[in-house]
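Report on one structure; see the data block that follows.
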Amino acid sequence: MTTSANAAIAAALGKSLWTTDSFVPRYRTGEHGPWKINPGGALIHDWGYYSGPCMLEMLPSLARRVRSASGVDGDKWETWMSLTPHEIESQELGFLHAFGNTVVMGLGMGWIAANCALNPRVTHVTIVERDADVIRLFRESGAFDSLPEPAQRKIAIVQEDALAWRPDETAPVDFLYVDIWLRLAEPQATSEVRRMQDNIRAAQIYFWGQEIAIHSAIGRSAGEITADTIDRAVKEVIKLPLLVPQDRDYARMIGQVVRNRIDRRLPVEMEI
């Protein structure tokens, strides 16, 4: 079905057809080990991280085969990452504000790394991924083939554990982006970012779901979400050099994330 036809269906349902200005790689579908890339294509209902309910022409996704309690491979697949409004909106501040020598923890589908490489302020992108099967499947997918050659040359993939990897002392890290978790706001997320930062000492960090962490930190003092309470939460509670974008109303954005998650009956607190 064409985009115009899908837009008409969405309009008839009283919803918008979600689109993105970010770069979306072209993937060859495939399977390696317990992982596979699905092509997408169906018209579905979804929620944006900030923007709320919408319709989406489903983009590609990365899935992992589910194992039974006894460790036997099953015939079901669990979506690990999908290029949906929620996924893209919850990561885009990372690539929009990345700069200099950038490190991306977790390969996933390579979307965030590709967009970081397209940012003219970024000079190099190191992707740290521990799973050899994910790396091989991604390379076979040809996802970076559609990137301009100058952006491709910025990117390197290293097979290492994100919690143990250390940069070369001669190449300090300017910007660290972290997304190694299956679900948003996993309990250990903030503490694991601290472990990485102990090894990396990045000048600035953005991690997946940090808006929920900031909301939780503000909530400790029962404060409203404002520029001042965000600043105090980051400096005095989270104690990491998190990206706090100055080119947009970040307090409003965090508030919208919280409202959307409440509407969806999802947790709005996480461990700090």
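The values are calculated or read from the model by the stated rules, or taken from the named source; none is laboratory data. Just so it is clear, the structure is predicted and the values come from calculations on it, not from any experiment. Every residue, glycine as well, gets a Cβ built from its backbone with ideal geometry; the counts of neighbours run over all protein chains shown.
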Note to self: Looking at 259, 252, 248, can you tell me which residue is over 18 Å from the mean Cα position of the chain (by Cα), under 23 Å from residue 187 (Cβ atoms) and basic (Lys, Arg)?
What the structure shows: 259
Next item on the list: Could you grab the pairs with beta carbons closer than 8 Å, sequence gap of 6+ or different chains, first residue in region 15-40 and under 18 Å from residue 80 (Cβ atoms) and polar (S, T, N, Q), second one assigned to a strand (DSSP E or B) and at pLDDT below 90?
Entry: 29/38
Next item on the list: Inspect all residues belonging to region 2-15 and state whether any of them is at pLDDT 75 or above, exposed (fewer than 15 other Cβ atoms within 10 Å of the Cβ) and not hydrophobic (A, V, I, L, M, F, W, C).
Entry: no
Notebook entry, point to check: Which of the residues spanning region 84-126 are at pLDDT below 95 and either in contact with a Phe, Trp or Tyr (Cβ under 6 Å, 6 or more places away or on another chain) or charged (D, E, K, R) (or both)?
Noted result: 85, 86, 87
